[in-house]
1. Using Cβ contacts closer than 10 Å as the measure, can you line up 125, 58 from fewest to most?
2. Assuming 0.36 nm per residue, please report the length gained on full extension of the stretch residue 41 to residue 95 beyond their Cα-Cα distance.
3. Between 80, 35, 52, whose Cα lies farthest towards the positive end of the dipole of the stretch 32-125 when Lys and Arg beta carbons carry +1 and Asp and Glu beta carbons carry -1, centred on the Cα centre?
4. Modelled label-to-label distance, residue 30 and residue 58, 7 Å Cα→beta-carbon offset: nm?
5. Provide the gained length on full extension for the span residue 80 to residue 112, in nm with one decimal, where the gain is 0.36 nm per separating residue minus the Cα-Cα distance.
6. What percent does the relative contact order of the stretch 32-125 come to when contacts are Cα pairs within less than 8 Å and at least six residues apart?
7. Calculate the dipole size of the stretch 32-125 relative to its Cα centre from +1 charges on Lys and Arg beta carbons and -1 charges on Asp and Glu beta carbons; express the result in debye to the nearest 20.
8. Only bridges with both residues in the stretch 32-125 count here: give the DSSP antiparallel percent, nearest 5.
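Every number in this text was worked out from the coordinates using simple rules, so none of it is lab data. Predicted model, so just to flag it, every value in this text is computed and none were measured. Cβ coordinates were reconstructed from backbone atoms using ideal geometry, including for glycine residues, and neighbour counts include every protein chain displayed.
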Amino acid sequence: MMQVRKTTLAVLILLMTLACGSAASGGSGLDANLIAREQIDEVGPSNAYNIIEALRPTWLQKRGPTSFYNEGEVRVYLDNSSLGGIEALRGIHSDNIESISFLDERRASFRFGPNHEQGVILVLTRR
């Protein structure tokens, strides 16, 4: 009976360790909701849309069920000012970008107010 408890405890500890270790994005330590300047440089000269398409293509996709009330698209903000939909990303050259972040509906609504059901792509420029 004691051996079964020790084995069970060892298995639980192992599973908890594995679960915690896989929480990072691919084990690389990268934030799945952030594209940093270093990653932008690796893509090379381009625009914000192409950078996101290369590094985080899921940011450009609609999320969740669509309905009469949830037909919006991902909204784009440049330095905290609304630019519109994802096509606005094509006009932002990579040389000007410091970072690009994705904010889910909850974070976007908290920061920018309601009506951000599909989330926000926030582009911060170099200053």
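1. Going from least to most buried by this count: 58, 125.
2. Extra length available between residue 41 and residue 95 comes to 18.6 nm.
3. So the residue furthest toward the plus end is 80.
4. 1.3 nm
5. 10.7 nm
6. RCO, the stretch 32-125: 36 percent.
7. For the stretch 32-125, the charge dipole is close to 300 debye.
8. Rounded to the nearest five, the antiparallel share is 75 percent.
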